[in-house]
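K.L.:
Just passing along the structure, written as structure tokens.
Just so it is clear, none of the values below were taken in a lab; they were calculated from the coordinates. Bear in mind that the values here come from a model prediction, so they are computed numbers and not experimental data. Note that each Cβ is placed from the backbone with ideal geometry, even for glycine, and that neighbours are counted across all protein chains shown.
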Amino acid sequence: MLSSVKSFLIAFAVALLIFGLIGYFAMPQIKSLADGFFTPGDEEAEDTAEETYVIPDVPDGKTGIIGNKPVFEDHKSFTVLFIGSDYQPDVFSDYRISVQNTADIDQLSTHQRHYKADVIMLLRYNASSGVAMLSAIPPNLMVTSAGVQIKLCDVLERKGASVFTELVAGVVGLTIDYYICCRISLFSDLINRMGGVKYDVPTDMYYVNEEERIVTPGSSREPIPLVVDGRTVTDSDGNPVMIPAGRAFTINLKKGIQTLNGEKASWVLRYNVYPNGFAGRRDTQTGFFRALFESVFNEDKHDLLAGIVALIGASDAGETNMSPSDYEDISKTLLSYSKYDKTVVVFPCTVTGSGSDERVSFSRGTVYTAYDKFKIQ
């Protein structure tokens with residue numbers, strides 16, 4: 001019995017000695033490993049001390065963080081409104097007199113042709129989130145201007161592009177930094193200068209309007225007698241020589257991918273014969289502008305676009321508040337379109353009627369909610 005107890009005590013003492021030596025020499029290494037596992041090392045601690053940027057409610061799940069830096073931190077955020085006007089005084093002869101900025105506009109004749117904003121497209125770059133937002137604004141949106149309810153498209157003729165832009169900004173609840181307004185003639189010229197636009201035309205487009213006569217040199221809206229020095233010119237049979245009527249306005253495009261020149265690009269934007277009416281035209285216009293921006297908003301087009309901005313500012317067929325220096329200030333952002341995430345906002349609205357009787361109504365709160373996440377802080 002005593003022998004067994006003695007053996008146990010000797011074994012226990014040896015074990016204590018061995019484990020004590022192990023603990024003495026091994027614990028510093030074990031502590032070092034544990035410290036590195038449960039607490040940040042010097043490098044990680046330094047990173048967590050840096051400021052992080054979080055952008056809430058960004059579309060497509062984008063957090064606004066690349067490493068610990070803001071997305072495109074050297075870019076500028078801005079919004080531009082593109083306005084396409086159907087005003088063509090060199091083509092159609094039955095416009096009423098020039099009315100822009102005319103004080104007595106409401107007293108002018110109303111039976112003549114009006115001009116309006118036919119295309120309204122909003123483009124918003126948010127450099128913090130890396131998102132480029134595109135949204136088509138309905139031209140036939142019913143708004144209140146100077147206490148009078150009116151279609152948004154008609155505000156352009158009555159008040160001009162600057163006031164028009166302010167009204168759109170109020171509707172969507174966003175600040176609009178720049179506007180670019182072009183008549184069809186200038187738009188077509190600009191597309192030609194860009195070398196055309198490659199676009200997948202979504203459907204066959206064929207439309208003829210006999211009432212909308214295109215007056216070419218030597219023609220008139222309706223056949224009328226030729227009068228020289230106050231006297232009607234007659235032929236050898238004594239019949240009056242007639243000035244021929246202009247040709248009917250015609251759109252004729254086939255479905256499919258093609259490169260559109262200026263005239264055909266304008267046809268795409270003007271075509272309005274879709275089974276789903278307003279929505280079809282909205283989606284086509286949005287798709288066209290996305291294709292246009294992908295084509296021209298890149299770095300190798302810098303000089304071309306600088307010239308175009310200057311041309312619009314100097315042209316009688318266009319108007320913009322973007323100066324050449326403004327363009328240079330935002331060009332790095334503008335020309336990086338392909339690097340941004342793209343999203344489209346469908347303007348929330350209710351459409352009634354069709355054609356000239358179409359009316360688009362909206363809830364201000366609902367519209368604000370749709371665009372609020374794109375506000376640039």
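K.L.:
Using amide H atoms built 1.01 Å from N in the peptide plane, name the residues 5+ places from residue 120, or on other chains, whose amide H lies under 5 Å from its own.
P.N.:
Placed amide hydrogens put 84, 137 under 5 Å from residue 120.
K.L.:
While we're here: Output ³J(HN,Hα) for the range 168-178: one whole-Hz value per residue in order, computed from phi by the Karplus curve 6.51 cos²θ - 1.76 cosθ + 1.60 with θ = phi - 60°, and x for Gly and Pro.
P.N.:
Karplus-based 3J(HN,Hα) across the range 168-178 equals 4, 4, x, 5, 8, x, 10, 6, 10, 7, 9 Hz.
K.L.:
Continuing with this model, one more query. Points 7 angstrom from Cα along the Cβ direction at residue 114 and residue 344: gap in nanometres?
P.N.:
2.8
K.L.:
Tell me which residues come under 5 Å, amide H to amide H, from residue 322 once H is placed; ignore anything under 5 positions away on its chain.
P.N.:
Result for residue 322 returns 179.
K.L.:
Next question. Within the set 76/159; 76/332; 116/373; 76/373, which residue pairs have Cα atoms separated by over 20 Å?
P.N.:
76/159; 116/373
K.L.:
Also, I was wondering about something else. Can you tell me the length gained on complete extension of the stretch residue 203 to residue 358, counting 0.36 nm per residue apart and subtracting the Cα distance?
P.N.:
Here the segment from residue 203 to residue 358 would lengthen by 53.6 nm.
K.L.:
At 0.36 nm per residue, and after removing the present C-alpha to C-alpha distance, how many nm does the segment from residue 351 to residue 247 gain when stretched out fully?
P.N.:
Extra length available between residue 351 and residue 247 comes to 34.2 nm.
K.L.:
How would you rank 121, 194, going from fewest to most other Cβ atoms within 10 Å of each one's own Cβ?
P.N.:
Lowest to highest Cβ neighbour count: 194, 121.
K.L.:
Just want to confirm a number: the relative contact order over the range 176-314, from Cα pairs under 8 angstrom separated by 6+ residues, in percent.
P.N.:
31
K.L.:
Further question: Got a sec to turn the phi values of the range 351-365 into Karplus ³J(HN,Hα) couplings, 6.51 cos²θ - 1.76 cosθ + 1.60 with θ = phi - 60°, whole Hz, x for Gly and Pro?
P.N.:
Computed from phi, the couplings for the range 351-365 are 10, 10, x, 8, x, 5, 9, 5, 10, 10, 10, 8, 9, 4, x Hz.
K.L.:
Give me, ordered by chain and number, the residues 5 or more places off residue 347 or on other chains with an amide H under 5 Å from its own placed amide H.
P.N.:
Residues meeting the amide H criterion: 136.
K.L.:
Another question, if that's okay. Using the Karplus equation 6.51 cos²θ - 1.76 cosθ + 1.60 (θ = phi - 60°), what ³J(HN,Hα) coupling, rounded to whole Hz, does each residue of the range 313-319 give in order, writing x for Gly and Pro?
P.N.:
Coupling constants for the range 313-319: x, 9, 8, 6, 9, x, 7 Hz.
K.L.:
Among 125, 206, 371, what is the fewest-to-most ranking by other Cβ atoms within 10 Å?
P.N.:
206, 371, 125
K.L.:
Taking the beta-carbon count within 10 Å as an exposure proxy, list 182, 349 from fewest neighbours to most.
P.N.:
Ranked by crowding around the Cβ, least crowded first: 349, 182.
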